[in-house]
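To keep things clear, I will list the structure first and then write my remarks on it.
Read the figures in this text as sums done on the coordinates, not as results from a lab. Owing to the predicted nature of the structure, the values given are computational and were not obtained by experimental measurement. So basically every Cβ, Gly included, is an ideal-geometry build from the backbone, and we count neighbours across all protein chains shown.
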């Protein structure tokens, strides 16, 4: 009999490659936020744990409760929504209500739907074809830089920006990094608020100057290439801010996720699945890397997470990494986690990420392109300043 995991799935045998992959990937947490990582490790034995006014949510059911059953303060300081509000100069959030935002949400849903993603595919595949070509000649590549260009080019195409992909990616990463440092738990550090606002201003200025006319920025009834009427100018300003926020989300997720996924494939010998089971490989790697491992929220009203009562004003730390068993279950494309579990890395309910389809398609294409070269990791350096756990450099070389 094979022992069962806490998730109810059969336990998997872990070889040396898997152990090497997990040790390497753990560094992006332990080097970046050692105290926070240790705290979460020590408290994950219980589904939910209260520490004063903070509720740490680890289990899958409690994680879903935290996103779907507890009313959340979407603009509270120290939350993802608060960081987004700082970036946009107000409370312009993905899940905001009101008639003035419905048109934008509809346009965004179309842009990130199946047809929209298919239209964007040639953008990132062209970058991959060009940037991975040196592997065939025996040269090395920095996959973090490749991911940044790919993400910047895709975001620019999505938002109709005439922006240099590297410049857009750099601005989006700087804005996210400074916002994340300001909103992390801990002792406030002087100058962080000023730095975060300056980085956000730089990004929005870049977006505005390169012509944000895409679905996030164009008011209803205003055709592409035409100036907005006077009555719509405020909405155009909101659109620029929303475009900047979309760039932050899309670029930072890709730059964090792709290099980590590739390192797992290289260390654990998973490249063959990029050709035989690409969708399952992508799903499993997104699950074990959990690009956004923590979701900081604040309760707007009383509720319950798991069996733990939550009070209005409580700070919730929803640990996506633990909810999907990323910390104890290795990726197995031959026996992937059910979709309802794997999808939790993108949130749930009205708080689900609208760019999940785009992220999955990009990663699948990138891993398939890399698999032709069966690359190995030559050198990896943890990103100690990024908004999300990841590598600042990941140097790859082909093995054949």
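Annotations for the structure displayed:
- Neighbour-count order for 341, 141, 57, 70, fewest beta carbons within 10 angstrom listed first: 341, 141, 70, 57
- Dimensionless Rg over Rh [the stretch 282-373; C-alpha; Kirkwood]: 1.06
- The ranking of 275, 284 from fewest to most other beta carbons within 10 Å of each one's beta carbon is 275, 284.
- Here the spin labels are modelled as points 7 Å beyond Cα on the Cα-Cβ line, and at residue 121 and residue 193 they lie 4.8 nm apart.
- Look at where the Cα atoms of the stretch 260-307 and of the stretch 338-400 average out, and the two centres are 9 Å apart.
- With the alpha-carbon atoms of the stretch 244-307 aligned to their principal axes, the span from lowest to highest coordinate is 48, 36, 19 Å, starting with the largest.
- Convex hull projection area averaged over all views, the stretch 308-355, Cα basis, nm²: 4.9
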